[in-house]
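Reviewing the structure listed below.
The values are calculated or read from the model by the stated rules, or taken from the named source; none is laboratory data. Since we're looking at a predicted model, the values are computed, not measured. Cβ atoms come from the backbone with ideal geometry, glycine included; neighbour counts cover every protein chain shown. The accessibility values were calculated without ligands, DNA or RNA, using every heavy atom of the protein model including side chains. Shrake-Rupley method; radii C 1.70, N 1.55, O 1.52, S 1.80 Å.
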Amino acid sequence: MGWLRRMAGMFVSAVALGSAALPVAAQPAPQASSTGVLRVTVTLGIDGASTPIRRHALLASDMPPSRAPWRFVTGGDGAGKVTLPAGTYTVESEEPIAFSGRTYEWRQEVTITAGQDTVLTLTDANAEIGERSPDTTAPGATRALDAWDLLLRWQDSVVRVWTPTRPASGVIVAPGLVATAQRVVGTASTVELQVSTTVKVAARVVASDATREVAILAITPGLLGTRPALSLGCDAAPVALERGDRVSALSLPVRGQPNTATGTVRRVRTGPLLAEFDYALGSVGGPVFSADGALLGLTSLAEGGEEDASIETPIVPRTAVCEAVTAARAANTEPTSEPLPVEPDTYVTEGDLAKAIEKKRGGLSPYQVSSAGFDVSVVTPLAARGGTPGTLDFGQWSAYVASYPSVLLLRATPRQVESLWLKVARGAAMTQGIALPPITHFAPGFARMRVLCGTREVPPVHPFVIERRISETDAIREGLYVFTPEALGPHCGTVTIELWSEKAPDKRETVTLDTPRLTQIWDDMAAFRAAAPTGDR
C-alpha cells in the first residue's frame, strides 16, 4: 500500500542522515486543543441502493509521514471516526473490497483543523475501481474475494444464538436446523435462538460433537419463514488452501445487521485450519467461504474460549458440519417452538442519554441490596453510561453492556465473607498486638435467579452468567439477568429477587426492592420505555 512505500522512503532518508527519527507505532496522546475529529462514511451503490460498507479498515497517514498510520474501522452503519492532530493526511483503504467482479479502494487527502470535525464521504464516485484478478493456484497466492456477493446471497441464512456465557452466530443448514460452534454451546441442552428482532425461541441441541467442534440446534421449521438453508456442498471435493489465502466469514453480531469479515489463512497443514479475522462480538459460529465462494465450514472459538480479533480463529471443517446434520436428522428429536422475551430493538441517542444523566437526582451508581451470600446491583443504562469507572466490569459481557441496550440489568455477585476459622486466627493475632485486616474469599458462585413483580414471575430476556477470574487458579460466577425497561417498577408494589448458589442449589436467599426504590428505577428507565420500536430485521 502507499503508506508502506512512504514509510520505507522515510526509513532510507533517516539512515542516510544518521538520524534516530524512525517511525514508531505508539506516540504520546496529542493534546485535545490541537486535535480534530475525522468522520468517514463508506458506501457502495448495490442494486440501486446506497449500502454501508461495514468493518472496512482505513489508514490515516500524516504528510509527510512521521509515524505509523492511524488505523480505524467502519461500524455497522459504514461510519468510522478517528481523532488526529491538526494537519494534512492521506486516508486510504488498508485493503480493497471485491464486489461483483470489481475491486474498490479509496485514497483521499484531507486537512484536519484543530477543534473541528472533518467529514469525508467515500462512495463509488471517488473510489479507485479495478477488475477482479483471476483466481490463481500458485502456492501462497492471495486471491480476490467477493465477500459482499456472499453476504447478499446468504445473509438471510444467518441467525443469532444466545447462551448464558456468550453471544454467537449460527447458520440455517436444513429446514428447522441451525449449525453453530460446539464450544459456544458447551454442555447445554437448549440455547436461545433469535431469528428476528421480535422472535426468539428456545432451541434444542440435537447433535453436539466436542471433538469436531460443531453443534446442531432444532426449532420448529415454520419459525424460520422463507429463510434459505445454506448450501453445504457435502459431496463437493475438498477445497485446497495455502497459507496467506483470503477467506470470508458471515455473522450476525450482537448489534447490527448480518455482516461479512475477510480473513487470512494462517495454518493449513497441522491441526485445525486457522484463519485471522477482524470481526465483532457475537460473530463466532457463522459460515466461512473460500475465495471462490465454496463453503469451508464454521468459525469457532480459540482454545480457552477467547473471541478476539487478534487471536487466530479455528474453522470447523465442512465435513464435520455435514456429519452433524446427518446425525441430527437421524435423532428425529421433536423441535421446540417455545417463545422467549426479546430485548427492545431501540436505542436512545448519546445526546438523550447525556440529558437523562444530567436530570437524574442523586448519584449514578447502581442500586444495591444484599442477602447473606450475594450483593445484588440494579444497573440502569444511566449507571452503565455514567457510573464510577472501574466498578462496572461485566467480564465477557462488557461489550454488550457498553452498547447501552434499552434494558435493565440485575447483577448478583457472591459476597466476600470471612470464614469462622479466619476470624479466630485474626483474633489470636490481636492478642499478640498484631492488627490484621480481614481476610476474605468469595462465597460459592451464582447458580440461578428468579424475579417476582408482586407475585408474578418475570422471565428475563437473557439469563447471562459472568465468568470472572479472581486469581491464577480461581474464578467466580456471577449472574447478569437482562429485563425489558418496563418489567420492574412501582406497579409491582414489591419486587422479590430469589437467589441460589452453586454450593447450596436447594437453599434459597431473597432480597426485595420496595416502592420508593422501584420508583427511582422506573424514572431512570423513562427514556428507554419511550423510545419507539424500529421494527423487524
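If you take the residues in segment 30-50 that are exposed (fewer than 13 other Cβ atoms within 10 Å of the Cβ) and farther than 13 Å from residue 115 by Cβ, which one is modelled with the lowest pLDDT?
Top of the filtered list is 47.
In segment 78-90, how many are in contact (Cβ under 8 Å) with a residue 60 or more places away in the chain and buried (at least 19 other Cβ atoms within 10 Å of the Cβ)?
Here is the first cut: in segment 78-90, the residues in contact (Cβ under 8 Å) with a residue 60 or more places away in the chain are 90.
Filter once more, keeping what is buried (at least 19 other Cβ atoms within 10 Å of the Cβ): none.
Number satisfying all stated conditions: 0.
So which residues in segment 362-384 are within 15 Å of residue 527 (Cα to Cα) and not hydrophobic (A, V, I, L, M, F, W, C), if there are any at all?
The answer is 380, 381.
Determine whether segment 439-453 contains at least one residue that is closer than 25 Å to residue 521 by Cβ, out of contact with any strand residue (DSSP E or B) (no Cβ under 9 Å at 6 or more places or on another chain), modelled with pLDDT of 90 or more and of a type in the set (Lys, Arg).
no
Yes or no: segment 418-435 includes at least one residue that is of a type outside the set (Val, Ile, Thr), within 30 Å of residue 460 (Cα to Cα) and modelled with pLDDT under 75.
no
Hey, any hits in segment 472-492 for a residue that's among the acidic types (Asp, Glu), at pLDDT below 85 and open to solvent by less than 50 Å² (accessible area, probe 1.4 Å)?
Keep residues of segment 472-492 that are among the acidic types (Asp, Glu), which gives 472, 474, 478, 486.
After this cut, where a residue has to be at pLDDT below 85 as well, the list is 472, 474.
From what is left, the residues that are open to solvent by less than 50 Å² (accessible area, probe 1.4 Å) are none.
Within segment 472-492 (the criterion being among the acidic types (Asp, Glu), at pLDDT below 85 and open to solvent by less than 50 Å² (accessible area, probe 1.4 Å)), the answer is no, since none of the residues qualifies.
Give the residues of segment 172-211 that are over 24 Å from the mean Cα position of the chain (by Cα) and in contact (Cβ under 8 Å) with a residue 40 or more places away in the chain, sorted by residue number.
174, 175, 176, 206, 207, 209
May I ask you to say which residue of 129, 216 is at pLDDT 95 or above, over 26 Å from residue 395 (Cβ atoms) and touching a strand residue (DSSP E or B) at 6+ places or on another chain (Cβ under 8 Å)?
Values: 129 fails: at pLDDT 95 or above.
Just one listed residue meets the conditions, 216.
Given the structure, is residue 211 of a type in the set (S, T, N, Q) and touching a helix residue (DSSP H, G or I) at 6+ places or on another chain (Cβ under 8 Å)?
Details: of a type in the set (S, T, N, Q): yes; touching a helix residue (DSSP H, G or I) at 6+ places or on another chain (Cβ under 8 Å): no.
Considered against the rule, which asks whether it is of a type in the set (S, T, N, Q) and touching a helix residue (DSSP H, G or I) at 6+ places or on another chain (Cβ under 8 Å), residue 211 comes out as no.
Quick one: which of 505, 463 is modelled with pLDDT of 85 or more and surrounded by fewer than 12 Cβ atoms within 10 Å (Cβ to Cβ)?
On the way: 463 fails: surrounded by fewer than 12 Cβ atoms within 10 Å (Cβ to Cβ).
Going through 505, 463 in turn, just one is modelled with pLDDT of 85 or more and surrounded by fewer than 12 Cβ atoms within 10 Å (Cβ to Cβ): 505.
If we scan segment 242-262, do we find a residue that is out of contact with any Phe, Trp or Tyr (no Cβ under 7 Å at 6 or more places or on another chain), open to solvent by less than 10 Å² (accessible area, probe 1.4 Å) and modelled with pLDDT of 90 or more? Can you show your working first?
Residues of segment 242-262 that are out of contact with any Phe, Trp or Tyr (no Cβ under 7 Å at 6 or more places or on another chain), as a first pass: 242-246, 252-253, 255-259, 262.
Applying the additional criterion that residues be open to solvent by less than 10 Å² (accessible area, probe 1.4 Å) yields 245, 252-253, 258.
Narrowing the set further to residues that are modelled with pLDDT of 90 or more leaves none.
There is no residue in segment 242-262 that is out of contact with any Phe, Trp or Tyr (no Cβ under 7 Å at 6 or more places or on another chain), open to solvent by less than 10 Å² (accessible area, probe 1.4 Å) and modelled with pLDDT of 90 or more.
Which count do you get for residues in segment 489-525 that are of a type in the set (Val, Ile, Thr) and farther than 13 Å from residue 451 by Cβ?
Going through segment 489-525 one residue at a time, the tally reaches 2.
Just one of the numbered conditions (1) assigned to a loop (DSSP other than H, G, I, E, B); (2) within 25 Å of residue 207 (Cβ to Cβ); (3) open to solvent by less than 40 Å² (accessible area, probe 1.4 Å); (4) at pLDDT 75 or above is not true of residue 282; which one?
(4)
If you take the residues in segment 360-378 that are modelled with pLDDT of 90 or more and either among the small types (Gly, Ala, Ser) or touching a Gly at 6+ places or on another chain (Cβ under 8 Å) (or both), which one is most open to solvent (accessible area, probe 1.4 Å)?
Looking at residues that are modelled with pLDDT of 90 or more and either among the small types (Gly, Ala, Ser) or touching a Gly at 6+ places or on another chain (Cβ under 8 Å) (or both), I get 372.
Mind listing just one residue for me: the one in segment 91-116 that is at pLDDT 90 or above and outside any strand (DSSP E or B) and, of those, most open to solvent (accessible area, probe 1.4 Å)?
Only one residue tops the list, namely 113.
Considering only segment 178-200, state which residues are part of a strand (DSSP E or B), touching a Leu at 6+ places or on another chain (Cβ under 7 Å) and open to solvent by 20 Å² or more (accessible area, probe 1.4 Å).
To start, the set of residues in segment 178-200 that are part of a strand (DSSP E or B) comprises 178-181, 190-194, 200.
Next, from what is left, pick out any that are touching a Leu at 6+ places or on another chain (Cβ under 7 Å): 178-181, 191-193, 200.
The one that is part of a strand (DSSP E or B), touching a Leu at 6+ places or on another chain (Cβ under 7 Å) and open to solvent by 20 Å² or more (accessible area, probe 1.4 Å): 192.
Every residue, every condition in (1) buried (at least 23 other Cβ atoms within 10 Å of the Cβ); (2) of a type outside the set (A, V, I, L, M); (3) part of a strand (DSSP E or B), yes or no:
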residue: 161; (1), (2), (3): yes, no, yes
residue: 165; (1), (2), (3): no, yes, no
residue: 204; (1), (2), (3): no, yes, yes
residue: 222; (1), (2), (3): no, yes, no
residue: 228; (1), (2), (3): no, yes, no
residue: 236; (1), (2), (3): no, no, no
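Being farther than 21 Å from residue 150 by Cα and modelled with pLDDT of 90 or more is the requirement here; does residue 88 meet it?
On the way: farther than 21 Å from residue 150 by Cα: yes; modelled with pLDDT of 90 or more: yes.
Yes, satisfied.
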